[in-house]
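Below: one structure, written as structure tokens.
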Amino acid sequence: MLPSDLDNWLKGKSSGKGSKSGGSGSKSKELKELDEFDTRYHEINEEIEKQDRLLKKINTDIDRAYGTEKLEKYQKSIKALNG
């Protein structure tokens, strides 16, 4: 579930007022879904930050290099970006 989907998901949930069903099982399921969403969000965010640090390091290395060393750094950055 993406952040934009989270808003839609939360809008679709009722407060339970005027509802004859909806015991603790549904709240437990909702909490579990939110916890899974939160976990995935943090994992994705950590990976983005890791990639950002890698790109900054590579760009710094490229900026400091000259001649053939600079070319080698460009090739290294291409390999790092491709996986």
*If you scan the stretch 26-58, which residues turn out to be more than 19 Å from the chain's Cα centre (by Cα) and free of Cβ contacts under 8 Å to residues at least 12 places away in the same chain?*
Ser26, Lys27, Ser28, Lys29, Leu31, Lys57
*asked:* Could you tell me how many of the residues in the stretch 64-74 are more than 27 Å from the chain's Cα centre (by Cα), surrounded by 10 or more Cβ atoms within 10 Å (Cβ to Cβ) and not hydrophobic (A, V, I, L, M, F, W, C)?
replied: 5
*Which of (1) loosely packed, with under 12 Cβ neighbours inside 10 Å; (2) among the hydrophobic types (A, V, I, L, M, F, W, C); (3) modelled with pLDDT of 85 or more does Leu81 not meet, given it meets every other one?*
(3)
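Could we say that Arg40 is surrounded by 12 or more Cβ atoms within 10 Å (Cβ to Cβ) and either modelled with pLDDT of 85 or more or hydroxyl-bearing (Ser, Thr, Tyr) (or both) here?
Yes: the conditions hold for Arg40.
The values are calculated or read from the model by the stated rules, or taken from the named source; none is laboratory data. Keep in mind it's a predicted model, so treat the numbers as computed, not measured. Cβ coordinates were reconstructed from backbone atoms using ideal geometry, including for glycine residues, and neighbour counts include every protein chain displayed.
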